[in-house]
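Engineer: Before we start, here is the structure in question, set down as structure tokens.
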Amino acid sequence: MLVSSQEVKDLPNIKSAIKRVRVTETRTKRNAMQKSALRTAVKKAKKAIEENSNSAQEQLIKAIKAIDKAAAKNLIHKNTAARKKSRLTKAFNAAAANK
């Protein structure tokens, strides 16, 4: 867990504060993983839409679901989620119209 002597020096002395450091590290890692998964889902959806693939609608649904989950867990702001979903849907509809 602790890597360098600098981290040992910065570690708090109070038991509850030490626990807060541990909990914060865990949550930061979890948030980073979830945000990464969100970005991956959005990228896959964008790629499928650009290529006019048959799985574009499937990928769009997965991306929207991931965006909604991220917004529910406060990983991203609800307005950001709405904007991302709107742009993805708009791109999908434009691609479907040109098919």
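No value in this document is a laboratory result; all are computed from the given coordinates. Remember, predicted model here, so these are calculated numbers, not experimental data. Heads up, the Cβs are rebuilt from the backbone with ideal geometry, glycines too, and the neighbour counts pull from every protein chain shown.
Engineer: Of all the Cα-Cα pairs you can form in the chain, what percent are over 18 Å apart?
Structural biologist: Details: 2799 of 4851 pairs.
For the chain, the share of Cα pairs beyond 18 Å comes to 58 percent.
Engineer: Give, rounded to the nearest 20 debye, the magnitude of the charge dipole that the chain has about its Cα centre when Lys and Arg contribute +1 at Cβ and Asp and Glu contribute -1 at Cβ.
Structural biologist: Using Cβ point charges on Lys, Arg, Asp and Glu, the chain gives about 260 debye.
Engineer: In a Gaussian network model over the chain where Cα atoms closer than 10 Å are linked, find which of 64, 76, 18 has the largest mean-square fluctuation.
Structural biologist: Between 64, 76, 18, it is 18 that shows the largest mean-square fluctuation.
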